[in-house]
Each structure stands twice: as C-alpha cells, then as structure tokens.
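As structure tokens, the structure follows; a few thoughts come after it.
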Amino acid sequence: MSELISTARDLSAAGWTEAYTRSVMDTFGPPQRILVRGEGAYVWDAEGKRYLDLLAGIAVNVLGHAHPTLTAAVSAQLGTLGHVSNFFGTPTQITLAERLLQLAGAPEGSKVFFTNSGTEANEAAFKMTRRTGRTRVLALEGGFHGRTMGALALTHKPAYREPFEPLPGGVEHLPFGDTDALEAAFSPDAVAERGEVAALVVEPVQGEAGVRALPPGYLALGRRLTSAAGALLVLDEVQTGMGRTGAWFAFQQPEIGGGVVPDVVTLAKGLGGGFPVGAVVALGERAATLLGRGQHGTTFGGNPVAAAAGLATIGVIERDRLLARAPEVGKVLRQAIMAGGNPLVRGVRGHGLLLAVELARPVAPQVAAAALDAGIIVNAVAPDAVRLAPPLVLTADQALDAARFFAGVTVPENPEEA
Ligand SMILES: *Cc1c(COP(=O)(O)O)cnc(C)c1O
C-alpha cells in the first residue's frame, strides 16, 4: 500500500524546494525546510536534521507530532467509517459536539456547527451575524480571522484585503483595545448613522498581530455593550482555544476573559491536534438557532475521522492534564528566556503557551532564521517579536533548550554584516 504513495525520490533538500516551486502555487513563498517526520515536540527535515518545534504548525499540534493516541483514533475511525454526508449523523460527531458544549460550560439550547478550518468557522459565524437582521459588524485593527471572503472582511490587514475588494460589507475595524472607540461604536449617533450593531468579533489574544492580549476589562465592556444592544459577542478562539492559554477557551481564563460568556466561539487550529477540523460553538438558544435549516452547509465539516481526532485530542489533554501544564511550562520558558539576559530580548508576552519574545530591535526574521539554523522552529510574528506556540506536551527540559538559544542569539547591528 505504502508504495502507492511513496515519496522516496532521490532528491536533496534543494531538489525538493525546486520541485515545490515548480508545482505549488506561490502564496507562501519558498518553504524554509522540507520536513519528513515528527515525534513529540521534534520534527526532522529531508536531510535528517532535528528541530525543536516551538510553533507546532502555528498552534495546531497541541499533542506534538505523531501522538500514538491521536494516530490510533484516526486510523481506527478511518478503518471503520471514514466519511458520510451530512444527511447522516455519526456517534463521533455527536459526541464531539456534546464534549465541546460541556467544555464551554454551555447553557441549555447551545449547539455546534462543524467546519474544516478556522476561516470556515468564522465564515459561518459571520453568516450568523447577518441572521440577526442587522449588518453592522465590529472587528478590531490587527484582527486576523482567515482568508475566505467573509472572514477576510473581518480581517484587518490591508495587504490581505485590498487585492480582493469588494468584500462583504458592513464591517468596521475599531482601534485595538480602545474602550472609548468601542463605546462610541454603540452610541446613539453611531447607531443613527450606521445602524444597530449585529456583532462584535474579536480574538481574546490577537495571534497573527503578534500575540497581543486585549487589555483587562475590554471583553467585559464588549459583553456589556453587546448585551445592552442585543448584539452578539463572537470570540475567535481559533488560535487561543483548546488549552493553549491554560484553559479550554481563553474566555475562561479569568485574567483574559474576566468572567465574560460570549454568544459564539469559533475554534479550529488545536481542535484536531493536527487533523483539519473547526467548529462554531453557539452558546444559548438565540445564537444556536440563527442559522436555520438549509441556511448553511459543508461536505466535510463534522466528518467522523475529524471528529475522532477532536475527541482524541480532548481526551489526551484531559488525561495528561495539559491545561495545567501549559501555564507551568510557559512560565519556565518565559523565566528562562528572561534569565538568559540577552540584551536583544526585551521581554516575553502572552499567556500559557501562546507567547511572543519581544526584541529590542526589529530583527525578528533574522532571529527566526538563526533559530532554524540552531534547530529550533519559531516564527517572526511581528518585526520585533518572535512567536512561540509549542505543543502543550513540551517538557521543561525542552523549554530550557529553547531558552539557551535566546540567551545566545545575536544579530549584527549593521545589516551589511548579516
Ligand atoms: C489561523 C486563524 C484563523 C484562520 O484559520 P484557518 O484554519 O487558517 O482558516 C482564524 N482566526 C484566527 C484567530 C487564527 O489564528
């Protein structure tokens, strides 16, 4: 069987990269390495070099690579019943929906819609906002919600949006963390001019904008204003969900969520531990019934294999107490990086195992490249910040290995010397 999908070609890393460039669309730029294998927090490239993966497929591989429980669950489900249409239900899909509602502490009447990715989850949430009968949606500057047309309308970055305009209308981007601007958006003048607010859509911690947490109190204010206006509070937890900040959902972390309960939560990245699956969790009957029969759909969303991956991921997070471990290992990582005393390192921000190393100069791409050479995968998430979103199974020793890199990394002042 495996001969049928064999990739055993006598190619060097450069040869693979050349083949990639010839055959894969150039939306991502050339691959940094060609990776062939993973185990736990490590991956190996085509030349046999090992890397400590502190990015985990961008906050996806919460259980690390090739986790035996996840592998077994996916294999068993695929070998039993791999796909059915949404004309049919499956025990795995139904059970994952129930588990997500439990984990979210969802009230009676709450429901789930499954997708394959984060952007699709936000797409569904965006469609839900239209079903309020209002079209005015508030999002934040720096917000990232995905690349399909609706999610892109919610996303702020002009370079992502502008080549694809016109996008679905009605979205206003408010300055990040600005409570006055948030209040003004709900003011009688704003409503008279632009209409009632359908929803406020935010990430509790902005991931792609550089691991920026909303200031304390912002979400609580957002909740008060949306509730008073009959608008939805939609939290994009595609990156922050599934234990990354030390709770199942970031809104459940007191220092992030401040006790706020949203109407809608979107999930994806970590949900399947690396298997593609996303979800919209609608809390309460009103949100759960916005999309009526026939108003939304997907072929693959809720696929039994994806659902099995979600159940296995949740099961391992619970069994191995990874919610407690994320902040513990995160703390070791932050403290060890700061103790390294490198003048290039100004600080570490973030929560749990969603962190950014703040640099004294805008040299994040050079630091990420140096890390790769040193066998560590990180990501330059802002000009002066490097993101760490490692598997939640990262050990304290592995965290210390990472810290040793940050203690020693240097980037020449003069780019000519680089
Ligand atoms: C990654 C991400 C998305 C998009 O998810 P995809 O699976 O890439 O479509 C949406 N929102 C947030 C907060 C993300 O981090």
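Any residue that is within 15 Å of the ligand (Cβ to nearest atom), in a helix (DSSP H, G or I), touching a residue at least 24 places away in the same chain (Cβ under 8 Å) and not hydroxyl-bearing (Ser, Thr, Tyr) - is there at least one of those in region 285-307? Yes, there is a match, as at least one residue in region 285-307 is within 15 Å of the ligand (Cβ to nearest atom), in a helix (DSSP H, G or I), touching a residue at least 24 places away in the same chain (Cβ under 8 Å) and not hydroxyl-bearing (Ser, Thr, Tyr).
Reported count of residues in region 223-235, each being in contact with a helix residue (DSSP H, G or I) (Cβ under 9 Å, 6 or more places away or on another chain) and either at positive phi or within 16 Å of the ligand (Cβ to nearest atom) (or both), is 3. Quick check on PRO204: is it in contact (Cβ under 8 Å) with a residue 12 or more places away in the chain, over 23 Å from ALA282 (Cα atoms) and either under 23 Å from the mean Cα position of the chain (by Cα) or away from the ligand (no atom under 16 Å from the Cβ) (or both)? Taking the combined requirement at face value, the residue does not satisfy it. Among the residues of region 158-189, those identified as touching a residue at least 40 places away in the same chain (Cβ under 8 Å) and either within 16 Å of the ligand (Cβ to nearest atom) or outside any helix (DSSP H, G or I) (or both) are PRO168, GLY177, PHE186.
Residues in region 47-67 that are surrounded by fewer than 20 Cβ atoms within 10 Å (Cβ to Cβ) and either closer than 16 Å to ILE314 by Cβ or within 16 Å of the ligand (Cβ to nearest atom) (or both): GLY57, ILE58. For THR95, the conditions (1) more than 16 Å from the ligand (Cβ to nearest atom); (2) closer than 29 Å to LEU235 by Cα; (3) hydroxyl-bearing (Ser, Thr, Tyr); (4) buried (at least 16 other Cβ atoms within 10 Å of the Cβ) all hold with the exception of (4).
Just one of the listed residues (ALA159, ALA184, ALA209) is under 25 Å from LEU55 (Cβ atoms), at pLDDT 95 or above and surrounded by fewer than 14 Cβ atoms within 10 Å (Cβ to Cβ), and it is ALA159. Selection of region 265-284 for residues being away from the ligand (no atom under 11 Å from the Cβ), touching a strand residue (DSSP E or B) at 6+ places or on another chain (Cβ under 8 Å) and closer than 14 Å to ASN61 by Cα yields only GLY274.
Summed over region 348-387, the residues that are touching a residue at least 60 places away in the same chain (Cβ under 8 Å) and touching a Gly at 6+ places or on another chain (Cβ under 8 Å) give a count of 11.
In region 22-125, counting only strands (runs of 3 or more DSSP E) that sit wholly within it, the ones holding 3 or more residues that are within 27 Å of ALA153 (Cα to Cα) span 111-115. Take ALA368 and tell me if it is modelled with pLDDT of 95 or more, within 20 Å of the chain's Cα centre (by Cα) and farther than 30 Å from LEU103 by Cβ. The answer is yes for ALA368. Need the failing condition index for TYR20 against (1) free of Cβ contacts under 8 Å to residues at least 60 places away in the same chain; (2) crowded, with 17+ Cβ neighbours inside 10 Å, just the number. Here TYR20 meets the rest and fails (2). Before we move on, is GLY341 under 23 Å from the mean Cα position of the chain (by Cα) and not in a helix (DSSP H, G or I)? So GLY341 fails the test. Take ALA124 and tell me if it is under 29 Å from THR95 (Cα atoms), more than 11 Å from the ligand (Cβ to nearest atom) and modelled with pLDDT of 95 or more. Yes; evaluated as a whole, the condition is true for this residue. In this structure, is GLU108 farther than 29 Å from GLU39 by Cα and either in contact (Cβ under 8 Å) with a residue 24 or more places away in the chain or surrounded by 15 or more Cβ atoms within 10 Å (Cβ to Cβ) (or both)? Answer is yes for this residue.
Taking the criterion of being more than 15 Å from the ligand (Cβ to nearest atom) and either without any contact (Cβ under 8 Å) to a residue 40 or more places away in the chain or surrounded by fewer than 20 Cβ atoms within 10 Å (Cβ to Cβ) (or both), the residues of region 133-151 that qualify are GLY133, ARG134, THR135. Scanning region 236-261 for residues that are over 12 Å from HIS351 (Cα atoms), of a type in the set (A, V, I, L, M) and either in a helix (DSSP H, G or I) or more than 16 Å from the ligand (Cβ to nearest atom) (or both) turns up VAL260, VAL261.
The values are calculated or read from the model by the stated rules, or taken from the named source; none is laboratory data. Since this is a predicted model, take the numbers as computed values, not measurements. Backbone-built Cβ (ideal geometry, glycine too); neighbour counts: all protein chains shown.
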